[in-house]
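Remarks on the structure that follows.
The values are calculated or read from the model by the stated rules, or taken from the named source; none is laboratory data. All values derive from a computational prediction rather than experimental measurement. Don't worry about glycine lacking a Cβ; one is built from the backbone with ideal geometry, like all the others, and counts go over all protein chains shown.
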Amino acid sequence: MAEQKHTNDPLNVDEALSTSEAFLFKYKNVIIGVVAAIVVIVLGAFCYKHFISEPNEVKAQEALFKGQEYFANEDYDIALKGDSLEYAGFLKIADEYSSTDAGNLANAYAGLCYAQQGNAEEALKYLDKFSADDKMVAPAILGTMGNCYAQLGQLDKAVATLLKAADKANSQVLSPIYLLQAGQILEKQNKNAEAVEAYTKIKNKYGNSMQARDIDKYIDRASIK
C-alpha cells in the first residue's frame, strides 16, 4: 500500500524538474549528446552544401569545425570563447558572421554549450537566435530550449516549447522524450487532463519508443488525481 501511495503522489518540484529525477534532466548528457550528434552530422552536410561557394563562409566553417571538436571533447568554455591559437570561439563566430549560415550555426552551438554548463539564461539567448526548419535539428534545439525554460521555472513556456518540439520532430526518438517531460511538468501544475493527453500520445503514436514501455503508469497516475 505504501508503494502504491508513492506512485500516485503528485510530483514535487524536485521530481518534476531536477537533474536527478526528471527524465529529460536525468538523462541530460544523453539528450544533449543526441542533439550534438544531429548537429554535427546533419549540419556538417548542410555546411558543405551551402558554404563551399563562398570563401567567407568556408573560413567560418573551418572555425566551426574546430569548435565542434572542442564540443565533442566537452571543452565547452573553450568551444565558446576560443583557444590561445587560432580558434575564435562560437560566441565570436556568431557575432562576426551574424548574417551568414555560419553565424546561425554558431548560435546553436553556443546555446548547447551554455546548456551543458547549466547556464539556462545564456543558452536560451543563443538558441533563440538559431533558425532552421528541418525535422531533426530544429526540434532538437526547441527541446533544449524547453529544458532551459523548465530549469528557470517558466513552466508554461517549457510545456509549450516541449510540445512544439515533439510535434516538429515526429520521431520515435525525440518526440516521446519531450512529451514525457511535458507531461511531468503539467502534473506539477495540476493540469492532469493535459498531462494524460501528452502521455497518451506517447502510447498511441510512439508505441515503439522506450518511453512507451511503462507509459501506462504515468497515464494511470495522472488520471486518478
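I need the full set of residues from segment 76-94 which are in a loop (DSSP other than H, G, I, E, B) and in contact with a Leu (Cβ under 6 Å, 6 or more places away or on another chain), in order please. It would help to see each step written out before you state the result.
Initial filter on segment 76-94 (in a loop (DSSP other than H, G, I, E, B)): 82-89.
Of everything in segment 76-94, just one residue is in a loop (DSSP other than H, G, I, E, B) and in contact with a Leu (Cβ under 6 Å, 6 or more places away or on another chain), namely G89.
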Quiz item: Is it the case that some residue within segment 81-91 is closer than 17 Å to A123 by Cβ, hydrophobic (A, V, I, L, M, F, W, C) and at pLDDT below 90?
Solution: no
Quiz prompt | Condition met for K201 (over 18 Å from G111 (Cα atoms), in a loop (DSSP other than H, G, I, E, B) and in contact with a Ser or Thr (Cβ under 9 Å, 6 or more places away or on another chain)) | solution = no
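How many residues are buried (at least 18 other Cβ atoms within 10 Å of the Cβ) and either among the aliphatic types (A, V, I, L, M) or over 21 Å from A150 (Cβ atoms) (or both) when one looks only at segment 204-218? Please lay out each step first, then the result.
To start, the set of residues in segment 204-218 that are buried (at least 18 other Cβ atoms within 10 Å of the Cβ) comprises 206, 209, 211-212, 215, 218.
Now narrow it down to the ones that are either among the aliphatic types (A, V, I, L, M) or over 21 Å from A150 (Cβ atoms) (or both): 212, 215.
Result for segment 204-218: 2.
Does T161 fit the bill of being part of a helix (DSSP H, G or I), within 12 Å of the chain's Cα centre (by Cα) and buried (at least 16 other Cβ atoms within 10 Å of the Cβ)?
Spelling it out, T161 is indeed part of a helix (DSSP H, G or I), within 12 Å of the chain's Cα centre (by Cα) and buried (at least 16 other Cβ atoms within 10 Å of the Cβ).
Kindly check whether there is at least one residue in segment 211-218 that is touching a residue at least 60 places away in the same chain (Cβ under 8 Å) and among the polar types (S, T, N, Q).
Of the residues in segment 211-218, the ones touching a residue at least 60 places away in the same chain (Cβ under 8 Å) are 211, 217.
Pick out the ones that are also among the polar types (S, T, N, Q) and you get 211.
Yes: one or more hits.
Looking at the structure I just gave you, is K135 of a type in the set (K, R), part of a loop (DSSP other than H, G, I, E, B) and within 14 Å of the chain's Cα centre (by Cα)? Before you say what the answer is, go through the steps one by one.
On the way: of a type in the set (K, R): yes; part of a loop (DSSP other than H, G, I, E, B): yes; within 14 Å of the chain's Cα centre (by Cα): yes.
Considered against the rule, which asks whether it is of a type in the set (K, R), part of a loop (DSSP other than H, G, I, E, B) and within 14 Å of the chain's Cα centre (by Cα), K135 comes out as yes.
Based on this model, can you work out whether Q172 counts as at pLDDT below 95, in contact with a Phe, Trp or Tyr (Cβ under 6 Å, 6 or more places away or on another chain), of a type outside the set (S, T, Y) and surrounded by fewer than 18 Cβ atoms within 10 Å (Cβ to Cβ)? Talk me through it step by step, then tell me what you get.
Working: at pLDDT below 95: yes; in contact with a Phe, Trp or Tyr (Cβ under 6 Å, 6 or more places away or on another chain): yes; of a type outside the set (S, T, Y): yes; surrounded by fewer than 18 Cβ atoms within 10 Å (Cβ to Cβ): yes.
So Q172 fits the description; yes.
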Practice problem: Could you grab me the full set of residues in segment 99-142 that are β-branched (V, I, T), crowded, with 20+ Cβ neighbours inside 10 Å and modelled with pLDDT under 85? | Solution: V137
Quiz prompt | Qualifying residue in segment 167-175 (condition: more than 18 Å from N104 (Cα to Cα), in contact (Cβ under 8 Å) with a residue 40 or more places away in the chain, among the polar types (S, T, N, Q) and assigned to a loop (DSSP other than H, G, I, E, B)) | solution = no
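Residues Y109, Y178, Y149, Y97: which one is in contact (Cβ under 8 Å) with a residue 40 or more places away in the chain, among the aromatic types (F, W, Y) and within 24 Å of E197 (Cβ to Cβ)?
Working: Y109 fails: within 24 Å of E197 (Cβ to Cβ); Y149 fails: in contact (Cβ under 8 Å) with a residue 40 or more places away in the chain; Y97 fails: within 24 Å of E197 (Cβ to Cβ).
Exactly one residue qualifies, and that residue is Y178.
In segment 181-190, how many residues are surrounded by fewer than 22 Cβ atoms within 10 Å (Cβ to Cβ) and either touching a helix residue (DSSP H, G or I) at 6+ places or on another chain (Cβ under 8 Å) or without any contact (Cβ under 8 Å) to a residue 12 or more places away in the chain (or both)?
Kept after step one, since they are surrounded by fewer than 22 Cβ atoms within 10 Å (Cβ to Cβ), are these residues of segment 181-190: 188-190.
Those still in the list that are either touching a helix residue (DSSP H, G or I) at 6+ places or on another chain (Cβ under 8 Å) or without any contact (Cβ under 8 Å) to a residue 12 or more places away in the chain (or both) too: 188-189.
Going through segment 181-190 one residue at a time, the tally reaches 2.
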